[in-house]
1. Specify the residue that is farthest from Phe20 (Cα to Cα); the eligible residues are those in the range 178-189 that are of a type outside the set (Gly, Ala, Ser) and open to solvent by less than 60 Å² (accessible area, probe 1.4 Å).
2. Go through (1) touching a Gly at 6+ places or on another chain (Cβ under 9 Å); (2) modelled with pLDDT of 90 or more; (3) open to solvent by 10 Å² or more (accessible area, probe 1.4 Å); (4) part of a helix (DSSP H, G or I) for Val93 and report which single condition fails.
3. Within the range 373-403, restricting attention to residues that are under 18 Å from the mean Cα position of the chain (by Cα) and of a type in the set (Gly, Ala, Ser), which residue is farthest from Gly339 (Cα to Cα)?
4. Looking for whichever is buried (at least 19 other Cβ atoms within 10 Å of the Cβ) and either on the phi < 0 side of the Ramachandran plot or of a type in the set (A, V, I, L, M, F, W, C) (or both) here; the options are Ala59, Ala80, Ala67. Which one fits?
5. Given the options Val42, Val87, Val93, name the one that is touching a Lys or Arg at 6+ places or on another chain (Cβ under 7 Å), β-branched (Val, Ile, Thr) and more than 18 Å from Val120 (Cβ to Cβ).
6. In the range 115-143, how many are surrounded by 19 or more Cβ atoms within 10 Å (Cβ to Cβ) and within 12 Å of the chain's Cα centre (by Cα)?
7. Kindly indicate whether Phe246 is within 30 Å of Gly408 (Cβ to Cβ), at pLDDT 90 or above and under 27 Å from the mean Cα position of the chain (by Cα).
8. Show me the helices (runs of 4 or more DSSP H) found entirely inside the range 242-330 where at least 3 residues are free of Cβ contacts under 8 Å to residues at least 40 places away in the same chain and open to solvent by 20 Å² or more (accessible area, probe 1.4 Å).
Amino acid sequence: MTVRRLARFDALALTALVWFLGKFLRYAFPPLFGTLEGTYGVSRTALGTAFTGFMVVYAAMQFPSGALADRIGGVRVIAAGGVVTAVGALVLVADSPFVVLAGAMVLMGAGTGTTKTVAVDLLSRVYPARTGRALGVFDTIGAMAGAAAPAAVVLASGAPALLGAPWRTLFLAGGVATLAVTVAFAVRVPRRLPDKPTPTADDVETEREADDDGSVDTDASASKYLELFRRPRFVAFVAVTALFSFAYNGAVAFLPLYLAEETALSAVTANLLFSALFLVSLVQLATGEASDRVGPLPVLALTLAVATGGLVAVLALSATGGPLVLGGAVVALGLGAHGYRPVRGAYLMAVVPESVAGGGLGVVRTLLMTAGAASPAIVGYLSETAGFGPAFVMLAVAMGGAAVLTVGLLVVEG
């Protein structure tokens with residue numbers, strides 16, 4: 001009986017594993033930046049730009065993958081993305097120029113960019129009565145990839161260099177695992193999807209009428225999305241999300257290298273502290289519950305303040321802090337940043353009209369991901385021209401700006 005109950009969650013497990021492996025491969029890059037600098041003889045600006053390319057393509061895939069899923073089905077889109085991600089990882093197995101590394105990162109960005117948006121709809125169809133719980137598990141498993149990747153980099157660094165460099169073995173294992181899980185996902189998940197009801201004559205007529213009036217409805221929807229930017233609360237929170245995304249993505253991309261070069265920590269310790277940043281992601285379960293009880297804005301203000309404090313502490317303690325003190329600062333950054341993320345959606349649902357909720361959220365997601373995608377290239381350039389300190393001060397100012405704007409919203413609405 002227990003086995004049967006667990007079997008009902010195979011679609012959730014396989015979808016979450018596809019997402020986990022995609023994020024694992026993404027978060028394997030930041031701990032390797034120091035190694036890749038030496039291997040390819042390139043600058044931090046080049047590495048940051050390549051990672052920005054990964055994130056830009058990832059962001060660009062959100063809307064097309066969702067639209068394509070509406071036409072051919074979510075399973076096919078996620079499976080195709082998994083294959084593309086695996087190919088990108090396996091390309092790195094062989095020794096090759098830096099341009100191949102950058103191209104492989106773009107491929108992985110395109111592959112992983114098909115998963116999150118499509119998976120939300122897919123899981124809501126498979127588990128209609130447990131959608132919230134399913135998505136909570138899905139997001140938490142994905143977040144754990146950020147903890148697993150740096151630890152795997154540390155383990156791989158001590159492994160035999162079977163492929164010319166230990167880190168290439170990591171991408172071989174990741175690529176093979178992604179391919180295997182994707183095949184299992186493509187075979188198993190379709191069996192869990194509910195059958196689509198047969199359309200009636202009334203449904204066909206309604207669809208025909210919608211097609212006849214499609215241009216008018218599209219124009220109306222477009223004007224409604226533009227009208228959102230006339231709402232001060234919406235615009236202010238768009239700024240909050242963009243500032244947070246810029247600060248968080250820049251910090252995540254270069255935190256291991258920053259800790260290894262700007263503090264007394266070894267590269268191994270720096271990577272382990274980077275894992276701690278993600279190990280505390282379970283806090284999002286608590287902050288989501290808290291937002292239901294006291295409202296999203298107080299929780300958002302608190303989490304952004306904690307994240308800002310953690311980032312400022314990392315800067316302030318760089319010269320004198322040991323592993324425990326710096327680890328505490330990194331944990332504070334992780335608690336605030338991860339705690340903020342689930343509550344963000346709850347507040348957006350409150351300020352975006354229900355009639356344009358999907359498109360409105362899509363607009364915000366595109367803007368925040370674009371800001372986040374630009375950050376690694378900017379941080380990489382500043383770290384070389386002005387130093388890591390000014391680069392991370394910029395990130396702390398951005399995070400602090402998000403916190404101040406949120407407090408302002410709390411005061412105005414209170």
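1. Filtering first and then ranking leaves Val189.
2. That leaves (4) as the condition not met.
3. By that ranking, first place goes to Ala377.
4. Exactly one residue qualifies, and that residue is Ala59.
5. One residue alone meets the criteria, Val93.
6. Summing the residues that are surrounded by 19 or more Cβ atoms within 10 Å (Cβ to Cβ) and within 12 Å of the chain's Cα centre (by Cα) in the range 115-143 gives 6.
7. Working: within 30 Å of Gly408 (Cβ to Cβ): yes; at pLDDT 90 or above: yes; under 27 Å from the mean Cα position of the chain (by Cα): yes.
In short, yes.
8. Qualifying helices (runs of 4 or more DSSP H): 283-294, 296-316.
The values are calculated or read from the model by the stated rules, or taken from the named source; none is laboratory data. The structure presented is a predicted model; accordingly, all values stated were derived computationally and were not measured. Heads up, the Cβs are rebuilt from the backbone with ideal geometry, glycines too, and the neighbour counts pull from every protein chain shown. Ligands, DNA and RNA are excluded from the accessible area calculation, which covers all protein heavy atoms including side chains. Shrake-Rupley method; radii C 1.70, N 1.55, O 1.52, S 1.80 Å.
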